[in-house]
Every structure is written in C-alpha cells, then in structure tokens.
Amino acid sequence: MTTQSAQRQLTAVPFAQVTLDDPFWAPRQEINRRVSIPHMYQMLVDTGRLSAFDLNFTRKVPSPIVLIFGDSDPAKWLEAASYSLVTHPDPALAALVDAVADKIISAQQPDGYLNTHFTAIQPEMRWKNLRDWHEMYCAGHLMEAAVAHFEATGERKLLASLARYADHIGREFGPAPGQRRGYGGHPEIELALVRLFHATGEARYLELSKYLVEERGQSNPHYYDLEAVARGEDPLAYWAKTYEYCQAHAPLREHTKVVGHAVRAMYLMAGVADLAHEYNDPSLLAVCEQLWENLVHQRMYLTGGIGPSRHNEGFTTDYDLPDETAYAETCASIALVLWNHRLLQFAGNSQYADIVEQTLYNGFVSGVALAGDSFFYVNPLASDGTHHRTPWFECPCCPPNVGRILASLGNYLYSTSADGLWVHFYAQNSARMEVAGQSVQVRLASNYPWDGSIQLTLELDAPQEFAVHLRIPGWCDSWTVKVNGAAAQTVAAGSGYVALRRTWHSGDVVALELDMPVQAVYANPNVRQMQGRVALQRGPIVYCLEGADNPIVNLDRVLLDPAQLAAFVVDQQPLLLGGVAVLRGPGQLVTEEGWDSHTLYRRNRPSSTQPVELVAVPYATWDNREPGEMRVWFRTA
Ligand code: FUB
Ligand code: ZN
C-alpha cells in the first residue's frame, strides 16, 4: 500500500443493497431479528437500562463502573434494531425503536448533555473523569445509534439530538482558550463523530474527532493526572498503572505496538483509519499499518480473537497467546472487524479482508448461541467444559454489539471503485450497486463456507467495460476462474485479488473455484503455548473437538498427525448445529497406561497410545449442545 496518499480507492457497498440467503449467515441474521433483538430488549428493560433515561432512578455512589456506562447498551440495541428494520420492515419493532429514540431524547439536558448517570446520580461529576467514566464512550455509541436510526427511518429527531450533544462536547473540549484539553479513556466517539459528520454534513464533527485523536497522550503533565488531582486523587493510584491501558501513553504517531485494552485499541484505530482518509493523512495510515503488523503477526488468535488477558481485557506481550485462558472478548473481535474493513477500502489489499473473514466466521460469531438468546463475552480456544454462554452479563457490552454486526453483515461483502466492483466474501447473496455509472445487479450463488464453488452472475442494462475483482482468500492455495465457461484472462493483483477486466454483458457468469482442503495450521515458534501443536482449518472455518462428538476424557490427550490429514473426510451434516461440514479423521489418544492417581511424576515416560476416530466441528458452533470439553490446538504425534 502506498503511504503517499491516504485516500480510500474503494467504497463499501452498504448492507441495505445486499440480501444474504446463504446457509451460514442468513439463518443467523434471522435468529438475530426474531430472537436476539427481542431478547436483548427485554434484558435492557429488566435491568433498568432503558428506564434510566427517565432520570428518576437511584444508585449508590460510587457506582460500579459498568452501571456508569449503561447508556451504551440501549444505544447498541437501537443500532441493531434500526439495521434490522432496513432489511426487514417490521411495524412492531419500528414502534419500539421510535419509543426508545424518544426515551433517549427525553433525557437530554438544555445544554445538550445526554448521559443518564451523570445527570440523575452525580451531576456534579460531569466530565470530571474522562479516563474511567466512559461519558465519551456512551456519547459515541449514542451517536452511532442516531446515525443508524436516521438512515433506517429517515427521521432526524435522534440525529439532531446527538448532534446537539456533539456540539456540547465540542464546546467543552478542544484547543481553544477556555476549553479543556481532554479526550475519552475508552475510544469510540472518534469513529462515531466521523459517522455523524457524514450523516449531517457538518465538518465540525470531523474536526472534533481529529482533535480527540491528535490530543491523545499529548499533554505533559498528563490530562488524566491533572483531572485525578482535581478530584483529590493520587494519579499514581490508577489501577492500570500505565496509560497504555487506554492508549494514552504517547501521542498516536509514536505508538509502535497495539497495547492495553483490546476494544479501546481497535475502536481508536478504526477512528484513526477514518481520519487518515478524511484528511488524506499518510502519517495516520502509517500508524495503522504499523500497529496492524504487530497485531496480526504477533498478537492475534487463529480465530480472530484478540486480547489474551483478563486483567486488562487486552494485550500482554508479543506471542503470548494462551488458549484455555484466552480472554478474546467478543467486542474486541467486532472492533477488529470494524478496523480491518476500513483499512480494506484504502487500496483493496486482501490481507485486511482475510482478517475480517477469519474473525467473522470464527471468533465473532462464536459470541452468540445458535438459538440467539445466550452469548459469550470471553472466547477461549480450549475449555474443560465449564465455560458456557449466558443470556446476559452484568456488563452486557457484547450481546448488542453482536446484534448490530449481524444485522448489518451485508456491509462486508462488496466494494466499488473507479474501475469496477470488488467481491470480498463469497456468502450467497443478491446485491445491486453502481459500477461505472450504471446499476449492476449481482447474484452470487455458493454454498460458502462449506464449499469453494462460486458463481457470480451480472445483470446490466447495457454492455459496459469494468473490472470485477475477486478476492483469493489467504487460506486458498489453488483456484481457477472462468467466464461463461471459458478460462478467463485475469490480471493477478499483488494485493490478493484477481481482476477480470472486460466488457460485461447481462447474464455473464463468472465461475470461481477455490480449492478448500482440510488444512493443518501451526503457530510461530515464539508462541510458547502452542509449540508441538496443530489446529485444523478448512476454508475460513477453524475447527475444534468437542466432548459431545468425542467422548474422551481430557481432549488434551488427543494427538493429531498432520501426515494423516489426507484421511480426513468432509461430512456435510444438514441437521447438525444449524447445518455444518464436520471433519472426520484419524487421531491417537495418549493413554494413562503406566500412570495412576498416585503418580504425578515419573523418571521414565511410558508412551502408549490408541487409535481414535476424531470428529471436528466449527469452533464458532461449540457449546451449543450438552456441556463438555473443547479444544482447537492439538498435540502433534
Ligand atoms: O468499558 C466498556 C466495555 O465494557 C468495554 O469495551 C468492554 O471491554 C467492557 O469492559
Ligand atoms: Zn464486550
């Protein structure tokens, strides 16, 4: 990617123009609409998150921090519900959305301020602790909800309300005399303000976003120290010890690694990617590229999970990727998707689409049960059988976050550029988009991700020359492409796409065959926790063993010989786990022969194994049956 220009060459096709009817996502979207969104609404009601906007609740002070940022949960729900209305008009949901929008607006103060906790409970503490108290984070989610609500309904009332709140924040914070040089400890508002700018056309929101990014980590003494002293606190008593936790340890352009809380880091970088484009600032894009390299090559799980540590809900050191204790918060994977999707639009480099795909199909969608009414907050890569999804959390950030991504999933499939269209993912769908000045209807038929045969049919009003860019996924080593049955002239794009450049006629069919064998995956020798281990992947799907299919006590005793991979068969099971391809193949089980419950250590090692038939299921679908062990990384024979 060039660092001379930071302008995006691609424009993502919005989900409103894409209808998924594939076997993987379409049923999940339907469950999201029919089960998750109503379930989450009820949870918000039951936990007082919605009635908080009536501003007549009480709460002990100091409040648990999770209650302080409770406004963000209805905001994400409203965003999810608004997206759902776009693809599935539903008068009952529309009425609920309208009522929630009104409720939020009703809590707005005359000066534009809009936060339930710091209006009803601690009004004297408004903006006094930007580091910890999440006011800007909540504001950001409310702004995203307002943009989604406006786009779904055409109603400007919530958008106008959040614009007033943004104006309030813009008056309070900034570099001008009389303003405070603060910025939020939990990024989110940065990317939200860019969305608000696009929805309203008001450049001051973009300027505010830029200020918040540029100011981060700048002042000396540190802004968070100054505000701590003003509260009568010792800044050194900060539990996280260092401002790396909230990416405020140094000015952004001096960041060299992804650090701290994973969700904060990713939301921040998604906003930075937006600003790089909006201001055509290569130095911001360069920071994105540098941190991306560190994240993807040293700090990311195979599933697209990020942030191994529970302590800071975030990053530790390079190559520290334990499986059983992995934190890998669902929200962190979501934020990773948001960032990579933004990076993808700069030059159409498939390395970013690879991350989006890997994350969506694995560590993101593991976050919700197939039934749609329970969720993972933490996504480990091994379990002794005690980790399960639950209907809700004291800190319920993940469920509505999953809801908004599922409802808008069509966002991730296509882009257009000056020279044509780009296909990033091959889930079956129909879409329409503007290409080279005319509306093009696209039908993509596939059984992805279970099968690598893809057929793309184009319908146009008149013949037109443009390029169709097809992503060759990072996991695919061999592929063919034909147009109307004949081997096609492709231009290999170094960026991981092939381009078919020709005059297209209505009815032209592109056939892409992606070879999709069962693959063994190994970890870099520096990942100490995964040495001598192997994982199974097929296409974008990472597999795991679950106790439900493998009645073995202690799945960690399974040995998998990569030389036996050819013996694995792909078994499509339409009735299992919503319809999945299961992998069946041979393994070995280390027996306990020579050991007993009185022997923890021995001076010689009895090596006794017995053959075992293994059944692997997609990682994302684990814990949807009876409780049991789960494991992604196996010992190698
Ligand atoms: O702090 C707000 C959200 O709650 C974070 O993004 C999550 O990690 C959880 O701590
Ligand atoms: Zn979360």
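The values are calculated or read from the model by the stated rules, or taken from the named source; none is laboratory data. Because the structure is a prediction, the values reported are computed rather than measured. A quick note on method: Cβ atoms are made from the backbone with ideal geometry, for glycine too, and the neighbour counts reach across all protein chains shown.
Annotations
- Among (1) crowded, with 23+ Cβ neighbours inside 10 Å; (2) of a type outside the set (D, E); (3) closer than 30 Å to E329 by Cα, the one test that L444 misses: (3)
- Residue satisfying all of: in segment 614-635; aliphatic (A, V, I, L, M) and over 13 Å from L381 (Cβ atoms); nearest to the chain's Cα centre (by Cα) among these: V617
Yes or no, residue by residue, for (1) outside the structural domain of E144 (by TED's automatic domain parsing); (2) among the hydroxyl-bearing types (S, T, Y); (3) closer than 18 Å to C138 by Cα:
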residue: A166; (1), (2), (3): no, no, yes
residue: E172; (1), (2), (3): no, no, yes
residue: E190; (1), (2), (3): no, no, yes
residue: S219; (1), (2), (3): no, yes, no
residue: H222; (1), (2), (3): no, no, no
residue: A230; (1), (2), (3): no, no, no
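- Annotation for segment 372-380: no member residue is in contact (Cβ under 8 Å) with a residue 60 or more places away in the chain and more than 22 Å from Y619 (Cβ to Cβ).
- Matching residues, segment 64-88, being surrounded by fewer than 24 Cβ atoms within 10 Å (Cβ to Cβ), more than 14 Å from ligand 2 (Cβ to nearest atom) and either at pLDDT 95 or above or outside any loop (DSSP other than H, G, I, E, B) (or both): L67, L85, V86, T87, H88
- Residues within segment 219-269 that are hydrophobic (A, V, I, L, M, F, W, C), in contact with an Asp or Glu (Cβ under 8 Å, 6 or more places away or on another chain) and within 16 Å of ligand 1 (Cβ to nearest atom), tallied: 4
- Only one of S374, S408, S415 that is away from ligand 2 (no atom under 14 Å from the Cβ) and within 17 Å of the chain's Cα centre (by Cα): S408
- Whenever a residue of segment 245-267 is in contact (Cβ under 8 Å) with a residue 24 or more places away in the chain, its partners that are within 16 Å of ligand 2 (Cβ to nearest atom) and β-branched (V, I, T), lying with C-beta atoms within less than 7 angstrom and at least six residues away or across chains, give the pairs A262/I306.
- Scope segment 480-497; condition surrounded by 15 or more Cβ atoms within 10 Å (Cβ to Cβ) and either at pLDDT below 95 or under 26 Å from the mean Cα position of the chain (by Cα) (or both); matching residues: A488, T490, A493, S495, G496, Y497
- Unique match (being part of a loop (DSSP other than H, G, I, E, B) and either among the charged types (D, E, K, R) or under 20 Å from I355 (Cα atoms) (or both)) among A427, A535, A520: A427
- A search for C-beta distances below 6 Å between a residue of segment 539-559 that is at positive phi and any residue that is not in a strand (DSSP E or B), counting only pairs 6+ apart in sequence or on different chains, returns G539/P449; G539/M516.
- Taken over segment 355-379, the criterion of being surrounded by fewer than 23 Cβ atoms within 10 Å (Cβ to Cβ) and farther than 15 Å from L406 by Cα is satisfied by Y377, V378.
- Failed condition for Q9, given (1) polar (S, T, N, Q); (2) farther than 16 Å from A407 by Cβ; (3) outside the structural domain of E394 (by TED's automatic domain parsing): (3)
- Single condition R501 does not satisfy, out of (1) surrounded by fewer than 19 Cβ atoms within 10 Å (Cβ to Cβ); (2) out of contact with any Asp or Glu (no Cβ under 8 Å at 6 or more places or on another chain); (3) not small (G, A, S): (2)
- Residue match in segment 114-123 (condition: hydroxyl-bearing (S, T, Y) and either in contact with a Ser or Thr (Cβ under 9 Å, 6 or more places away or on another chain) or within 16 Å of ligand 1 (Cβ to nearest atom) (or both)): yes
- Here W133 passes the criteria (1) under 25 Å from I405 (Cβ atoms); (2) within 16 Å of ligand 1 (Cβ to nearest atom) except the one numbered (1).
- Whichever residue in segment 383-405 is under 16 Å from G304 (Cβ atoms) and in contact with a strand residue (DSSP E or B) (Cβ under 6 Å, 6 or more places away or on another chain) and, among such residues, is farthest from ligand 1 (Cβ to nearest atom): V402
- Test: residue in segment 596-611 that is buried (at least 17 other Cβ atoms within 10 Å of the Cβ), polar (S, T, N, Q) and not assigned by TED's automatic domain parsing to the domain that holds L302: no
- Here G217 does not qualify as without any contact (Cβ under 8 Å) to a residue 12 or more places away in the chain and more than 16 Å from ligand 2 (Cβ to nearest atom).
- Checking every residue in segment 307-321 against the condition of being in a helix (DSSP H, G or I), closer than 19 Å to H387 by Cβ, in contact with a strand residue (DSSP E or B) (Cβ under 6 Å, 6 or more places away or on another chain) and in contact (Cβ under 8 Å) with a residue 40 or more places away in the chain gives zero matches.
- Out of L600, L589, L583, sole residue that is within 31 Å of the chain's Cα centre (by Cα) and among the aliphatic types (A, V, I, L, M): L583
- Taking segment 568-578 as the range and being touching a residue at least 24 places away in the same chain (Cβ under 8 Å) and loosely packed, with under 14 Cβ neighbours inside 10 Å as the test, only Q572 passes.
- Residue count for segment 321-367 under the criterion of being among the aliphatic types (A, V, I, L, M), closer than 21 Å to S309 by Cα and within 14 Å of ligand 2 (Cβ to nearest atom): the result is 6.
- Filter pass, A265 being part of a helix (DSSP H, G or I), within 16 Å of ligand 2 (Cβ to nearest atom) and among the hydrophobic types (A, V, I, L, M, F, W, C): yes
- Counted residues, segment 308-345 - those being of a type in the set (V, I, T) and within 16 Å of ligand 1 (Cβ to nearest atom): 4
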